[in-house]
Amino acid sequence: MAVEIRKAKEHYDLLHNQQRATALVWTKTREQGNQWHKLEATTGQMCLPLWDDVEQENDVFLTPNEFLGWRRFDLLKNLRACFVDIDKQCTREELNEAIKGANLPNPSAIIFSGRGWHLYWLIDSTPAKALPVWQEMQDRLINAFAEAGADKAARDCARVLRLVGSTNSKNGQQVWGEVLDPTPWKFHDLADEILGYREPKPKAKAKVYDLTAKRAETGQKPRKASIYAWWFLVYQDLSKIAYSYPQGIPAGDRNNFLFLVSVAMSWFGNPEAISEALADRANKWTTGLDEQEIANACKCSLDRLQRHTRGEKVQWQGKELDPRYFFKRETLWKKLQHLIKPEIEDELRAIISEATRAKRRTERERARDRVSEGRYKTRKSDGLNNLKPWETEGISRATWYRRNKQKTD
């Protein structure tokens, strides 16, 4: 049974129950102008004066997710919800039809924003390293509600949405909501439901958030890594490279390095939020570049992000592709290998050489237990295991013959 909410504190408690990091509220008042309010985990639930004040104001917004001090994707601490911002005016009955037609889990809450609707799917507090899968879910949800008027720009984790109890200044309508199910989803369960990796099943605990971790609890294969997983790893590698230069990336490499940082960031936010994060990273990682040089270095990637936000595609070999840049591992290695210090090379996961890639693949293959994977079955006779030679070594028949041929040649 749906429960109506009219108070700002009710909306805040719904999203940030057992808060663990910073949530932010944006207000616009006649007396003090535009203001950001940081609600820390230890004080956010006790800001009663703030909640009383915002209910008297127009255009108040709240971050659904939590951050390390400020709302930027690179400062994300915990994911708390997936969401869809429907700008198109429609009745509740029309919205219900759109939800039914999307063939997805029902939202946890529906908020009337004054002109449109905000749909929330609540999730247990989930670490930032799950961002690539969260981003996939956002894209799937937005695409599913495209005909209903879903805002394609409202897809980044740092997004703010209108707060219940405040007023939409565009038409004077008060923001209110309904909670359909206050129980948060386990992150992996919601991902499975939205992304369609397996048939719906009863909710179960999911303790693993590593995208490539083996699904040991269910016996399923690892979730296939997405393009977001790739660029998340690239950004982490770029961070490690940058921090290996305490005085900043050397002159001559700063523009190219910052460009690649902007490319990685472009997969996780809107142009405005990314520009702010890039300015901060540039001041720390590429010291010496002025504002114009920073803007020039990032212009191409931000332009492509703008095109993506507008829903544009590019034609390549007869296919329609995302306009944002995409670089393969080999290209990134060629561009950055001279900046990678030996002491951090083993820590990198995406920007690696072909030799390192082959070495790690060999190590993974040797570490596999193919019998437990079900690829080979042990057969017992007279108490002895009658395994084929290649089965005892955990390799394929072809690999075993090739290695033995090399030994005899």
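The values are calculated or read from the model by the stated rules, or taken from the named source; none is laboratory data. None of these values were measured; they are calculated from a predicted model. Positions of Cβ are generated from backbone atoms using ideal geometry, with glycine treated the same way; all protein chains shown enter the neighbour counts.
Do we find a residue being over 27 Å from ASP189 (Cβ atoms) and touching a residue at least 12 places away in the same chain (Cβ under 8 Å) anywhere in region 128-141?
Among the residues of region 128-141, not one is over 27 Å from ASP189 (Cβ atoms) and touching a residue at least 12 places away in the same chain (Cβ under 8 Å), which makes the answer no.
Among the numbered criteria (1) surrounded by fewer than 21 Cβ atoms within 10 Å (Cβ to Cβ); (2) under 24 Å from HIS16 (Cβ atoms); (3) out of contact with any strand residue (DSSP E or B) (no Cβ under 7 Å at 6 or more places or on another chain), which one does GLU97 miss?
(2)
When the residues of region 168-182 are narrowed to those that are aliphatic (A, V, I, L, M) and outside any strand (DSSP E or B), which ends up farthest from TYR120 (Cα to Cα)?
VAL175
Checking the conditions here, which among GLY44, GLY33 is at pLDDT below 90, out of contact with any Cys (no Cβ under 8 Å at 6 or more places or on another chain) and buried (at least 16 other Cβ atoms within 10 Å of the Cβ)?
GLY44
With (1) modelled with pLDDT under 95; (2) in contact with a Ser or Thr (Cβ under 9 Å, 6 or more places away or on another chain); (3) assigned by TED's automatic domain parsing to the domain that holds MET265 as the list, and GLU320 as the residue in question, which single condition is left unmet?
Checking GLU320 against (1) modelled with pLDDT under 95; (2) in contact with a Ser or Thr (Cβ under 9 Å, 6 or more places away or on another chain); (3) assigned by TED's automatic domain parsing to the domain that holds MET265, the one that fails is (2).
With (1) at pLDDT 85 or above; (2) under 16 Å from the mean Cα position of the chain (by Cα) as the list, and TRP185 as the residue in question, which single condition is left unmet?
(2)
Which residues, taken from region 288-334, are on the phi > 0 side of the Ramachandran plot and either in a helix (DSSP H, G or I) or of a type outside the set (Gly, Ala, Ser) (or both)?
GLN317 - this is the single residue of region 288-334 that is on the phi > 0 side of the Ramachandran plot and either in a helix (DSSP H, G or I) or of a type outside the set (Gly, Ala, Ser) (or both).
Can you confirm whether ALA81 is assigned to a strand (DSSP E or B) and touching a strand residue (DSSP E or B) at 6+ places or on another chain (Cβ under 9 Å)?
Criteria met by ALA81.
List pairs: first residue in region 66-95 and assigned by TED's automatic domain parsing to the domain that holds SER262 and modelled with pLDDT of 95 or more, second residue in a strand (DSSP E or B) and of a type in the set (Val, Ile, Thr) anywhere in the structure, Cβ distance under 9 angstrom, at least six positions apart or on different chains.
Every condition considered, no pair remains.
Among the residues in region 111-119, are any in contact (Cβ under 8 Å) with a residue 12 or more places away in the chain, touching a Pro at 6+ places or on another chain (Cβ under 7 Å), buried (at least 17 other Cβ atoms within 10 Å of the Cβ) and under 25 Å from GLU40 (Cα atoms)?
Yes: one or more hits.
Quick one: how many residues across region 220-277 are surrounded by fewer than 18 Cβ atoms within 10 Å (Cβ to Cβ) and of a type in the set (A, V, I, L, M)?
Of the residues in region 220-277, 3 are surrounded by fewer than 18 Cβ atoms within 10 Å (Cβ to Cβ) and of a type in the set (A, V, I, L, M).
Have a look at ARG366, ARG370 and point out the one that is surrounded by 13 or more Cβ atoms within 10 Å (Cβ to Cβ) and modelled with pLDDT under 95.
Exactly one residue qualifies, and that residue is ARG370.
Among the residues of region 115-148, which ones are within 8 Å of the chain's Cα centre (by Cα) and of a type in the set (Asp, Glu)?
Answer for region 115-148, where residues must be within 8 Å of the chain's Cα centre (by Cα) and of a type in the set (Asp, Glu): just GLU136.
Among the numbered criteria (1) farther than 19 Å from ASP322 by Cα; (2) outside any loop (DSSP other than H, G, I, E, B), which one does GLU136 miss?
Against the list (1) farther than 19 Å from ASP322 by Cα; (2) outside any loop (DSSP other than H, G, I, E, B), GLU136 comes up short only on (1).
Inspect region 85-104 for any residue being aliphatic (A, V, I, L, M), in contact with a helix residue (DSSP H, G or I) (Cβ under 9 Å, 6 or more places away or on another chain) and assigned to a loop (DSSP other than H, G, I, E, B) and give the result as yes or no.
Yes - at least one qualifying residue is present in region 85-104.
Collect the residues in region 309-324 that are surrounded by 10 or more Cβ atoms within 10 Å (Cβ to Cβ), of a type outside the set (A, V, I, L, M, F, W, C) and touching a Leu at 6+ places or on another chain (Cβ under 9 Å), keeping them in residue-number order.
Passing the criteria: LYS313, PRO323, ARG324.
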